[in-house]
1. Hey, among the residues in segment 245-295 that are within 46 Å of the chain's Cα centre (by Cα) and hydroxyl-bearing (S, T, Y), which one's modelled with the highest pLDDT?
2. Anything in segment 285-312 that is β-branched (V, I, T) and open to solvent by 70 Å² or more (accessible area, probe 1.4 Å)? List them, or say none.
3. Taking the stated definitions as given, is L101 surrounded by fewer than 22 Cβ atoms within 10 Å (Cβ to Cβ) and in contact with a Leu (Cβ under 7 Å, 6 or more places away or on another chain)?
4. In the list I290, I306, I298, which residue meets the criterion of being in contact with a Phe, Trp or Tyr (Cβ under 6 Å, 6 or more places away or on another chain) and not in a helix (DSSP H, G or I)?
5. Would you check which residues across segment 64-80 are among the hydrophobic types (A, V, I, L, M, F, W, C) and under 31 Å from the mean Cα position of the chain (by Cα) and list them?
6. So V266 ticks every box in (1) closer than 15 Å to F307 by Cα; (2) touching a residue at least 24 places away in the same chain (Cβ under 8 Å); (3) in contact with an Asp or Glu (Cβ under 8 Å, 6 or more places away or on another chain); (4) in a strand (DSSP E or B) but one. Which box is left unticked?
7. Taking A70 as the residue in question, decide whether it is open to solvent by 30 Å² or more (accessible area, probe 1.4 Å), in contact with a helix residue (DSSP H, G or I) (Cβ under 9 Å, 6 or more places away or on another chain) and either modelled with pLDDT of 80 or more or more than 26 Å from S114 (Cβ to Cβ) (or both).
8. Determine the pairs where a residue that is loosely packed, with under 10 Cβ neighbours inside 10 Å, located within segment 131-142, has a partner that is in a loop (DSSP other than H, G, I, E, B) with Cβ atoms under 8 Å apart, the partner being 6 or more residues away or on another chain.
Amino acid sequence: MQIFLSWSGEASKRCAEALRDWLPFMNQAIIPFVSSQDISKGERAMKAIATQLQECSFGIVCVTRDNQSAPWINFESGAISRELGESSLIPFLLDMPIKDLTGPITQFQATDSSSEEDVWAMIKTINDNCSNKIEQDRLRKTFEKFWEDLTARLSQIRTQQPQSGTPERGTSEILNELVALVREQSTRIGALEKRIASFEDIPRYTINEPREIRIVSGPQEVQRQGRVSRVTREQAEAKNRKTINRIELLLGAENIVTKRTDQYGVDVVCNRRGEERLALVTEELQKLAISTTTAINIRSENGAEIFSHPPF
């Protein structure tokens with residue numbers, strides 16, 4: 001799996017490079033791409049980045065308090081989400097909690113880099129999307145073994161990073177954003193319900209049995225008999241009973257353990273002596289199935305199928 005690591009600014013770049021070195025330990029199928037490390041000298045950077053955006057299967061955006069509104073971060077995030085869908089893009093927050101995230105990337109499910117369980121959830125998601133998945137217990141052991149390596153490197157980046165000029169978000173600002181999101185969701189749900197209601201007058205059809213078709217139109221329900229009427233069912237049952245009687249004559253009634261009929265044919269379980277007689281009357285059973293247009297299935301007591309002939 002190719003993973004595109006997006007960054008903007010020195011701390012974000014170093015975070016992307018740390019992930020580039022660390023992610024392949026989780027699953028060798030992971031191939032990270034970081035523009036600062038994986039573009040050859042003399043290569044046209046924008047062309048290489050555009051190619052990688054098209055070829056990657058997953059995107060991780062390294063976000064800091066200062067770069068969350070940077071045009072480049074939002075450009076690459078939009079490009080990845082258009083190519084792969086929103087579920088394949090993860091903002092990786094280096095130096096701030098999720099509540100302080102702002103801008104367009106708030107629509108994606110972010111990961112707090114300081115939370116072991118958050119990063120573990122991200123690794124599970126990536127592993128689930130790999131063609132060569134690692135069994136979860138083994139993946140967890142690998143994660144725990146290398147977790148300290150990642151946290152030590154990220155802590156060093158945070159320590160060396162200049163203090164951010166972007167303040168933490170206030171409670172009122174966060175609450176206002178949550179209210180706006182809830183209202184937006186309520187509006188979308190209401191529109192969806194109206195859309196669904198517009199289909200109520202369209203007739204709906206369900207088939208419960210081969211012999212019954214149910215037509216539902218509005219509040220009224222009308223049942224119509226289909227291909228097989230009551231008389232036809234009775235005729236089929238009589239034919240199956242006749243077929244069972246003939247099988248009892250051929251195999252010996254005392255050698256039949258169970259017998260069952262349904263709309264498809266007859267099913268018989270015979271004992272060991274019945275199996276021996278079956279070898280002598282196979283041709284007659286085939287003729288019986290053809291003449292009565294009945295499916296005959298005969299099994300041994302252990303459930304093994306020893307004779308089967310479909311209807312014609």
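The values are calculated or read from the model by the stated rules, or taken from the named source; none is laboratory data. Please read all numbers here as calculations on a predicted model, not as lab measurements. Note that each Cβ is placed from the backbone with ideal geometry, even for glycine, and that neighbours are counted across all protein chains shown. Accessible surface is based on the protein model in full, side chains and every heavy atom, while ligands, DNA and RNA are left aside. Shrake-Rupley method; radii C 1.70, N 1.55, O 1.52, S 1.80 Å.
1. Across segment 245-295, the extreme among qualifying residues is T258.
2. Result: I290, single match.
3. On the way: surrounded by fewer than 22 Cβ atoms within 10 Å (Cβ to Cβ): yes; in contact with a Leu (Cβ under 7 Å, 6 or more places away or on another chain): yes.
Taking the combined requirement at face value, the residue satisfies it.
4. Numbers: I290 fails: not in a helix (DSSP H, G or I); I306 fails: in contact with a Phe, Trp or Tyr (Cβ under 6 Å, 6 or more places away or on another chain).
Of I290, I306, I298, the one residue that is in contact with a Phe, Trp or Tyr (Cβ under 6 Å, 6 or more places away or on another chain) and not in a helix (DSSP H, G or I) is I298.
5. I73, F75, A79, I80
6. (3)
7. no
8. S131/M1; S131/A29
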